[in-house]
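No lab work stands behind these numbers, since they all come straight from the coordinates. Computed from a predicted structure; not experimentally measured. Counting neighbours? That spans all protein chains shown, and the Cβs are built from the backbone with ideal geometry, glycine included.
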Amino acid sequence: RRVLFRSDKVISFNLYEKARLGLGITTPESFSKIINISGYYGYGFDDGYSKYGGALRVKTSEYTHISAKYDNTITEIGEWGSVTQRPIYDSKSFLASRFDRTQHYRFTYVSDKNGFKWTTNALPYMAE
């Protein structure tokens, strides 16, 4: 298989979007033992906006990898991270009603050999 479909991106509910339908894909290890690519797209029916994002992870050695991630989505007011990170059955997501449209950028370097992890978390950019 070249692509795996992510079931956590198909449908979600909250009071802001009402329903969001989408599609998430990722490359399996059989595609490449070095590179992993993933992405998603979703559309919120009540707010009328598209949400999307993607990630690239590159294994640089047996013990290390680097990754880059981008999200253009909605974030609940007062939260860090996107609502797309929560499972469909999460009651907090379902009851949430106030969101900002945001863009998130993240770059990470991880060394499993010595337990070192370095991450840049750019502050969310509020979309217009």
- Query: What nm value, rounded to one decimal, do you get for the distance between K59 and I37 when each label is placed 7 Å out toward the C-beta?
  - Reply: 1.8 nm
- Message: Taking θ = phi - 60°, what integer Hz values does the Karplus form 6.51 cos²θ - 1.76 cosθ + 1.60 yield along region 22-34, in sequence order, with x for Gly and Pro?
- Response: x, 8, x, 9, 8, 8, x, 4, 5, 5, 7, 7, 10
- Note, ³J(HN,Hα) from phi for region 51-59, Karplus 6.51, -1.76, 1.60, rounded to Hz, x at Gly and Pro: 10, 7, x, x, 8, 10, 10, 10, 7
- Item | Highest average packing first - 55-62, 68-75, Cβ atoms within 10 Å | 68-75, 55-62
